[in-house]
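Participant: Dropping the structure in here first, questions after.
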Amino acid sequence: MLQNEEFVSFSFIDEKCVAITGIVKEDSKLASWGQKRCVIKLLEANLKNGDVATCKGRIGVNYIGPSLFYGDVVSFSGKLKNSSFNAKNYTLLNRSNLNRTRSKIFEKFSSISSRELSTMLLLGYTPSNDSELTTLARNSGNSHILALSGMHLALFSSLITFVLTPIFTKKYAKIISLSLLTLYILFIGPKPSLIRAYILSLTFILFKFDKNIDALVFCFVIQLLFFKDSIMTISTMLSYISLCGIMTLPKFLLDSIDSFIVLPEVLIMPFLVTIGALIFTIPVSYYLFGTYQVSSIITSPIAGVLIYIYMVISIVSLFNSKALIILDKIYIVLEYVLRKGSEIKLQENLNVYFILLFFTLLIIALGRLKRKNK
């Protein structure tokens, strides 16, 4: 369901409006009934008598046609209904060179589901909220792996730094990486999760904080001051809460586990990170949605690795079509993992959460007690 992001006002009666013009503020998404949906920032409206009227705010638009991207200037004809605009047709008034390039890359991938995943991971474009994969990801508690976020920016940054370090020093490789990430965000549009991840990356590079949580607080303040629209969303709120858990609990858990048995950090850390995120986000998710999924403790680390591999192969497939065969194989495995996770019933009370919280705190307490007695 589309919601207005800010107060919308008109200088006319709704029934008199036959067209609106505005700037696309969210990439269009495919709805289940065949229409596409996007959010635009209103510039002006045309009335039945031919007058041009003033209007302001953001409004959801339902339309049929090719995809529209952040920054496109569009004129829709149709009618206002229930605080949204149902368009019969539209005219694209202006599209940037970056968006033209995005459009060409979309065409590079075919319309079958595994190629749709490539556009989601590389370009942040969700063809459908009701596709089988997005449904499985949501039901298995892994929606975050399909949305462009810090995890994806970290991969891009690591790849760029790895390639450039032999040519430049590591310091300059990171600076170039950050510059390219800046162009990347401008390319796909300022999505809330990417803005947060980008500011946090910039914070770590430019400032030296004693604790990661201090950098996160600084990042939150910067985003609140300069990108207030992006921070007033449920996804951004959950993202920050999740990072609070990721930056605190896993280290305590790892130190406690090492007191009893030393396990390879590269193998155990992804699971501890997931536990940290769940401990912090489940209460909020339960309050907002009434359910939560604990199977992600197992499926999220596995799915995350598959997503990393899929993203790398997707980039390769832009230059070598033979890589598409590998993409299909990875997609099958990813779908299997998410399906198995979604088969576990969603929890409708906090009993399982309290059990998870109890054992997490117990492990930390026992580990600290053992270290103290040494």
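The values are calculated or read from the model by the stated rules, or taken from the named source; none is laboratory data. Please read these numbers as outputs of a predicted model, since none were measured by experiment. Cβ sites come from the backbone with ideal geometry, for glycine too, and all protein chains shown count toward neighbours. The protein model used for the area step is the full one, side chains on, heavy atoms only, and it has no ligands, DNA or RNA in it. Shrake-Rupley method; radii C 1.70, N 1.55, O 1.52, S 1.80 Å.
Participant: Quick check on region 258-273: of everything there that is without any contact (Cβ under 8 Å) to a residue 60 or more places away in the chain and more than 22 Å from LEU306 (Cβ to Cβ), which residue is surrounded by the fewest Cβ atoms within 10 Å (Cβ to Cβ)?
Facilitator: Ranking the candidates gives ILE261 first.
Participant: I'd like to verify a number: residues in region 158-175 that are assigned to a helix (DSSP H, G or I) and open to solvent by 60 Å² or more (accessible area, probe 1.4 Å), how many?
Facilitator: 9
Participant: Then there is this: Within region 234-248, how many residues turn out to be under 10 Å from PHE280 (Cα atoms), buried (at least 19 other Cβ atoms within 10 Å of the Cβ) and β-branched (Val, Ile, Thr)?
Facilitator: Selection size over region 234-248: 1.
Participant: Also: Quick one: is GLY276 open to solvent by less than 50 Å² (accessible area, probe 1.4 Å), within 22 Å of the chain's Cα centre (by Cα) and over 22 Å from ILE363 (Cβ atoms)?
Facilitator: no
Participant: Please enumerate the residues belonging to region 54-78 that are open to solvent by 30 Å² or more (accessible area, probe 1.4 Å), out of contact with any strand residue (DSSP E or B) (no Cβ under 6 Å at 6 or more places or on another chain) and under 16 Å from GLN35 (Cα atoms).
Facilitator: Correct list: ILE64, PRO66.
Residue-wise test of (1) of a type in the set (A, V, I, L, M); (2) more than 24 Å from THR165 (Cα to Cα); (3) open to solvent by less than 70 Å² (accessible area, probe 1.4 Å); (4) at pLDDT 75 or above.
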{"residue": "SER177", "(1), (2), (3), (4)": "no, no, yes, yes"}
{"residue": "ILE195", "(1), (2), (3), (4)": "yes, yes, yes, yes"}
{"residue": "ILE205", "(1), (2), (3), (4)": "yes, no, no, no"}
{"residue": "ASP210", "(1), (2), (3), (4)": "no, yes, no, yes"}
{"residue": "MET232", "(1), (2), (3), (4)": "yes, yes, no, no"}
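Participant: Can you find, within region 283-305, the residue that is farthest from VAL352 (Cα to Cα) among those that are free of Cβ contacts under 8 Å to residues at least 60 places away in the same chain and surrounded by fewer than 17 Cβ atoms within 10 Å (Cβ to Cβ)?
Facilitator: Filtering first and then ranking leaves VAL305.
Participant: Select from region 129-148 the residues that are outside any helix (DSSP H, G or I) and open to solvent by 20 Å² or more (accessible area, probe 1.4 Å) and list them in ascending order.
Facilitator: ASN129, ASP130, SER131, GLY141, ALA147
Participant: Between a residue in region 205-222 that is farther than 13 Å from LEU243 by Cα and any residue that is surrounded by 15 or more Cβ atoms within 10 Å (Cβ to Cβ) and of a type in the set (Lys, Arg), which pairs come within a Cβ distance under 9 Å, given they are 6 or more apart or on different chains?
Facilitator: ILE205/LYS174
Participant: So LEU92 fits all but one of (1) touching a Phe, Trp or Tyr at 6+ places or on another chain (Cβ under 9 Å); (2) at pLDDT 90 or above; what number is the exception?
Facilitator: Failing condition for LEU92: (1).
Participant: Considering region 322-350 alone, what residues qualify as being within 21 Å of SER300 (Cβ to Cβ), open to solvent by less than 70 Å² (accessible area, probe 1.4 Å) and charged (D, E, K, R)?
Facilitator: If the condition is that a residue be within 21 Å of SER300 (Cβ to Cβ), open to solvent by less than 70 Å² (accessible area, probe 1.4 Å) and charged (D, E, K, R), then GLU335 is the only one that fits.
Participant: Taking the condition assigned to a helix (DSSP H, G or I), closer than 21 Å to SER118 by Cβ and at pLDDT 90 or above, does LEU324 pass?
Facilitator: no
Participant: Next question, about the same structure. Does LEU155 satisfy the condition of being under 23 Å from MET237 (Cβ atoms), touching a helix residue (DSSP H, G or I) at 6+ places or on another chain (Cβ under 8 Å), assigned to a helix (DSSP H, G or I) and open to solvent by less than 30 Å² (accessible area, probe 1.4 Å)?
Facilitator: No; evaluated as a whole, the condition is false for this residue.
Participant: Looking at region 353-366, can you tell me whether even one residue there is within 23 Å of GLY124 (Cβ to Cβ) and either in contact with a helix residue (DSSP H, G or I) (Cβ under 6 Å, 6 or more places away or on another chain) or crowded, with 19+ Cβ neighbours inside 10 Å (or both)?
Facilitator: No, because not a single residue in region 353-366 is within 23 Å of GLY124 (Cβ to Cβ) and either in contact with a helix residue (DSSP H, G or I) (Cβ under 6 Å, 6 or more places away or on another chain) or crowded, with 19+ Cβ neighbours inside 10 Å (or both).
Participant: Among the residues of region 242-257, are any assigned to a helix (DSSP H, G or I), more than 18 Å from the chain's Cα centre (by Cα) and without any contact (Cβ under 8 Å) to a residue 12 or more places away in the chain?
Facilitator: Yes, the conditions are met somewhere in region 242-257.
Participant: What are the pairs, 6+ residues apart or on separate chains, where a residue within region 60-82 that is under 22 Å from ILE185 (Cα atoms) has its Cβ under 9 Å from a residue that is among the acidic types (Asp, Glu)?
Facilitator: Short answer, once both residue conditions are applied: SER67/ASP27; LEU68/ASP27; PHE69/ASP27; TYR70/GLU26; TYR70/ASP27.
Participant: Next up: Somewhere in region 131-151, is a residue over 30 Å from LYS36 (Cα atoms) and among the small types (Gly, Ala, Ser)?
Facilitator: no
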